[in-house]
Amino acid sequence: MRTFDYSRADSAANAVRTASGTGQRLYLAGGTSLLDLVKLDVMQPDQLVDINRLALKQIEPLPDGRLRVGALVSNTDLARHPWVRLHYPVLSQALLAGASTQLRNKATTAGNIMQRVRCNYFRDGVSPCNKRQPGSGCAAIGGLNRSVHAVLGTSEHCIASHPSDMCVAVAAIGARVTVQGAAGSREIDFADFHLLPGDTPWQEHALQPHELITHLTLDAPLANSRSGYLKLRDRTSYQFALASSAVVLVLDGPRITQARIALGGVGTKPWRAREAEQALVGQPATLDSFTRVAQLAMQDAHAYENNAFKIPLGQQAIIRNLRDLTA
Ligand code: SF4
């Protein structure tokens, strides 16, 4: 492992100032992903700016019904918070479906948003990988691309799937990300935060250099809604999603009046299936309706050598979740 400098920030402004120096300077929160990648020599920071002492650990319901979550709230605290369990069950379930208890205790809200892909070629440090080394190629295309590679939003330069469960639930709920930079703070719509790989897979998010995530503000829950997260994976614990779905529904009798659907494991970013949502509104809660919208959600999917099974699996993740929520 290479040596790096370490500093501890006592305010967000101080953290941004420190991170704005020369060389590669990265923020350190829970470290559950970043420190692994530093040890693997995949990330090579010159300095880590520890932000763990910043006052960003509050979960605050706002007067307009939204929920403001500090960047350093642990995944465990967010999943267990009574307000989240009551009003955003899909988020609580998604968080508890991720990683292990020990990791959730350390992992933070902002860190979860910022986690890097699990592609083996990215993490081995030597294979061609446009994300790790721009212009070097993509070993996953034509290589092993079964479990942590996407079928939606891919490009000829990168096909890695986004690994987060939490972000899939947040995509379905809707949210804004507050960030602080040298010029002050601004908000980014969560739907625009993660970028598709396109021609520049090394650019993964909409942050400007040195900007620091300070909060995530969830949209107010839909009135009289029900929600759930369904994760399908090779084993039922400590495993990334092959396909997952986050669904928020409002019903009026047997008909669906509002729907939000997001997918995980199959997309290169947390994948909101807006066309499928619109097609579901006004439909009866029947298997026929669910099957039609599931097909619609995956209609643009493009499979690679080993992951064609993700297209029907993604459809099943939607159908089963809808059935469970309307049973
Ligand atoms: Fe790298 Fe993306 Fe290709 Fe994996 S899929 S090797 S992360 S460019």
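What percent does the relative contact order of the chain come to when contacts are Cα pairs within less than 8 Å and at least six residues apart?
Reported relative contact order: 17 percent.
About its Cα centre, the dipole of the chain is roughly 680 debye, where the only charges are +1 on Lys and Arg Cβ and -1 on Asp and Glu Cβ. On a per residue basis, the convex hull of the C-alpha atoms belonging to the chain measures out at 128 Å³.
Taking only the Cα atoms of the range 1-133, the radius of gyration and Dmax are 16.5, 51 Å. Residue-wise HN-Hα couplings along the range 12-27, as the Karplus relation 6.51 cos²θ - 1.76 cosθ + 1.60 with θ = phi - 60° gives them from phi, are 4, 4, 5, 4, 5, 4, 5, 6, 7, x, 6, x, 8, 10, 10, 7 Hz; Gly and Pro carry x.
Close amide H partners of Leu251, meaning residues 5 or more places away or on another chain with modelled amide H under 5 Å apart, are Thr257.
Charge tally for His210 (other residues, Cβ to Cβ under 11 Å; Lys, Arg +1; Asp, Glu -1): +1. Cross-link partners of Lys231 among lysines, defined as those whose alpha carbon lies under 24 angstrom from its own and excluding same-chain residues fewer than eight positions apart: Lys106, Lys269, Lys310. Couplings for the range 146-152, taken from phi via the Karplus curve 6.51 cos²θ - 1.76 cosθ + 1.60 with θ = phi - 60°, read 8, 9, 10, 10, 9, 10, 10 Hz in order; Gly and Pro are left as x.
In order along the range 203-208, the Karplus-derived 3J(HN,Hα) couplings, from 6.51 cos²θ - 1.76 cosθ + 1.60 at θ = phi - 60°, round to 8, 9, 8, 8, 6, 7 Hz, and Gly and Pro are given as x.
The shape of the range 79-138 can be summarised by an equivalent ellipsoid whose semi-axes, obtained from the alpha carbon gyration tensor, come to 33, 11, 9 Å from longest to shortest.
The three principal axes of the Cα atoms in the range 225-326 give end-to-end lengths of 42, 29, 22 Å, sorted in falling order. Overall, the range 225-326 carries a charge dipole of about 260 debye about its Cα centre when +1 sits on the Cβ of Lys and Arg and -1 on the Cβ of Asp and Glu, all other atoms neutral. The angle between the Cα long axis of helix 287-297 and the main principal axis of the chain comes to about 30°, on a 0 to 90 degree scale.
Using Cα-Cα distances under 8 Å and only pairs 6 or more residues apart, what relative contact order does the range 58-192 have, in percent?
18 percent
For the range 114-254, the spherically averaged projection of the C-alpha convex hull amounts to 10.9 nm².
Below 8 Å between Cα atoms, with a sequence gap of 6+, how large is the relative contact order for the range 225-326 in percent?
Numbers: 191 pairs, mean separation 27.5, N = 102.
Worked out over the range 225-326, it gives 27 percent.
Where in the range 199-273 are there trypsin sites (Lys or Arg not before Pro) that are in a DSSP coil and have at most 10 other Cβ atoms within 10 angstrom of their Cβ? When the trypsin sites (Lys or Arg not before Pro) of the range 199-273 are filtered for loop state and at most 10 Cβ neighbours within 10 Å, Arg235 remain. Which of Thr217, Ala79, Leu34 sits farthest toward the positive end of the charge dipole of the chain, with +1 on the Cβ of Lys and Arg and -1 on the Cβ of Asp and Glu? Highest projection toward the positive end goes to Ala79.
With runs of 4+ DSSP H residues as the only contributors, calculate the mean residue ellipticity of the chain at 222 nm using -39,500 (n - 2.57) per run, divided by the residue total and rounded to the nearest 500. Intermediate results must be reported in sequence, preceding the final value.
Working: 13 runs with 98 residues, N = 327.
The helix-only estimate for the chain comes to -8000 deg cm²/dmol at 222 nm.
Going by Cα centres, the range 197-255 and the range 37-89 are how many Å apart? Here the answer is 15 Å between Cα centres.
Bear in mind these aren't lab numbers, they're just calculated from the coordinates by the rules spelled out. Quantities reported herein were computed from a predicted structural model and do not represent experimental measurements. Here the Cβ is made from the backbone with ideal geometry for all residues, glycine too, and neighbour counts use every protein chain on show.
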